[in-house]
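Comments concern the structure below.
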Amino acid sequence: MGSHGAVAPVVLKIFILLLFSFPIFAQQRADINRIHYKQMVEYYETGQLDKALEILKTNMNLNRSDVSNDIMFLAAAIYHKSGNSGKALSTLNFLIKKKYLSEHKKTLSTYAKDSSATNLTDVSKGLILLYLQKGLIYVDILKTRYESLGERQRTNLTRMIRMAVEVALEVGYKEDFADALLATLVQIEQDYKDNLVKENWFIGFGYLTWRDEITLKNAAGTELQIRTTNSGLMVNGGKRWANAFHEWSLSGGYALADATVGNDDPNLYFQSGVSTSILTTSADWHWRPNSDSIAFGFEGMLAFRTGDYEAPPNSEIEGKSKITLGALLSAKWRIDPVEFQTKIGKLLGMPSSFVSLGLLYHF
């Protein structure tokens, strides 16, 4: 996937909001691990995750009945921020089953039935916080593995994140947390769509003009370079690959044109209405600066052109056919599925620019 520059600040905001969630699952009796808990909170808040994990692994047994819910929630946050999403999720799921199993089942059933959180205004704040923390983990999974996940996996994770957000907003608890989580999810989905490469075929036609050069050789062996002016209609087609930022295509075209020979010095040699043709194959790249409709880029072209030039008496013409390479600048304006394209550039052996104006149809 592409850059997640827009995602990172929102994720950071969620982490900051999470720091103010300790403690949330207050218990009446004193906890034998309270000192360790305070140390882990301090290390977590200052980013010293190795030390927090060391205390967690050395002094905590999350399966013991005397370990508080606060510690389990903090342990899940430490595991998550340390990169162990699986352990974090299993800890949160264990806490949900331990404290909110019945309410959790009811919440899932109601949300699945209504496809909204409208009737979930009485969900416990502790359960909402667990949902949001799980949503944060799911967001990180999507952020790093969106392309590799299957469509069903993406759909399930997205649905659970949206449920957590909607329940929080419906109850009016941790709304900043929920808003930041949703904004991150939306950005991840947009980044994926923007970087997804789509492909399609296209056909088109257009007008092109160029100046060419042939060699007139008389009986004495003298060679003269004679310029021609060509213009005609081209049909072309090809295949395009594109995302929101760039596009690439391979295409071919064929044009029939008329040439006028000797405009620069008609007294030396002049001929009009000469039938010429040009066969091209091209590869191009275009950049989309701010929208899907406008693009600017470059095109490399291989061209074969030929003309039915007639030599004057006692002379012969060389260069009636030519294979040449060229480079062109290109601009596109697209109103799907139709696209207007203009090109200007230089082909080797041609004394002036090659210019093309055309319409393409994408399908």
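Of all accessible surface on the chain at a 1.4 Å probe, what whole percent is carbon and sulfur? Could the numbers behind the result be given before it?
Details: 10270 of 18400 Å².
Answer for the chain: carbon and sulfur cover 56 percent of the accessible area.
Going down the list Lys38/Lys174; Lys57/Lys174; Lys239/Lys343; Lys51/Lys174, which pairs span over 26 Å between their C-alpha atoms? Mind dumping the intermediate values first?
Working: Lys38/Lys174 23 Å; Lys57/Lys174 30 Å; Lys239/Lys343 18 Å; Lys51/Lys174 28 Å.
From the list (Lys38/Lys174; Lys57/Lys174; Lys239/Lys343; Lys51/Lys174), the Cα-Cα distance tops 26 Å for Lys57/Lys174; Lys51/Lys174.
Leu62 versus Asp194, label points 7 Å from Cα toward the beta carbon: distance in nm?
Output for this residue pair reads 3.5 nm.
Once you list every other residue whose beta carbon is under 15 Å from the beta carbon of Ala219, what net charge do they have if Lys and Arg are +1 and Asp and Glu are -1? The partial results should precede the final answer.
Working: positive: Lys217; negative: Glu223, Glu316, Glu318.
Here the count lands on -2.
Over the residues of segment 198-362, compute the C-alpha Rg and express it relative to 2.2 N^0.38 Å.
1.18
Between Leu302 and Thr281, what length in nm is gained on full extension when 0.36 nm per residue of separation is reduced by their alpha carbon distance?
Details: separation 21, 0.36 × 21 = 7.56 nm, distance 0.54 nm.
Difference between extended and current length: 7.0 nm.
Ranked from the most accessible area to the least, with a 1.4 Å probe and all protein chains present, what is the order of Asp70, Asp336? Please report the intermediate quantities before stating the final value.
Working: Asp70 10, Asp336 110 Å².
Descending accessible area places them as Asp336, Asp70.
Choose one of Gln341, Leu157, Tyr361: the residue whose Cα lies farthest towards the positive end of the charge dipole of the chain (beta-carbon charges +1 Lys, Arg; -1 Asp, Glu; about the Cα centre).
Projecting each Cα onto the dipole axis, the largest value belongs to Leu157.
As a test of the formula, what do you get for the chain when each DSSP H run with n ≥ 4 contributes -39,500 (n - 2.57) and the sum is divided by the residue count, at 222 nm and rounded to the nearest 500 deg cm²/dmol? Numbers along the way, then the final one.
Numbers: 8 runs with 142 residues, N = 363.
So the helix-based figure for the chain works out to -13000 deg cm²/dmol.
What accessible area per residue comes out for the chain, rounded to a whole number of Å², with a 1.4 Å probe? Intermediate results must be reported in sequence, preceding the final value.
Working: 18400 Å² over 363 residues.
On a per-residue basis, the chain sits at 51 Å².
What FRET efficiency, computed as 1/(1 + (r/R0)^6) with R0 = 35 Å and r the Cβ-Cβ distance, is obtained for Arg159 and Leu329, rounded to the nearest 0.05?
Details: r = 47 Å, r/R0 = 1.34.
The pair Arg159/Leu329 has a calculated efficiency of 0.15.
7 Å from Cα along Cα→Cβ at both Ala220 and Thr121: what's the point-to-point distance in nm?
10.5
The values are calculated or read from the model by the stated rules, or taken from the named source; none is laboratory data. The structure displayed is predicted, hence computed values, not measured ones. Counting neighbours? That spans all protein chains shown, and the Cβs are built from the backbone with ideal geometry, glycine included. Each accessible area value is taken on the protein alone, full model and side chains, heavy atoms only, with ligands, DNA and RNA left out. Shrake-Rupley method; radii C 1.70, N 1.55, O 1.52, S 1.80 Å.
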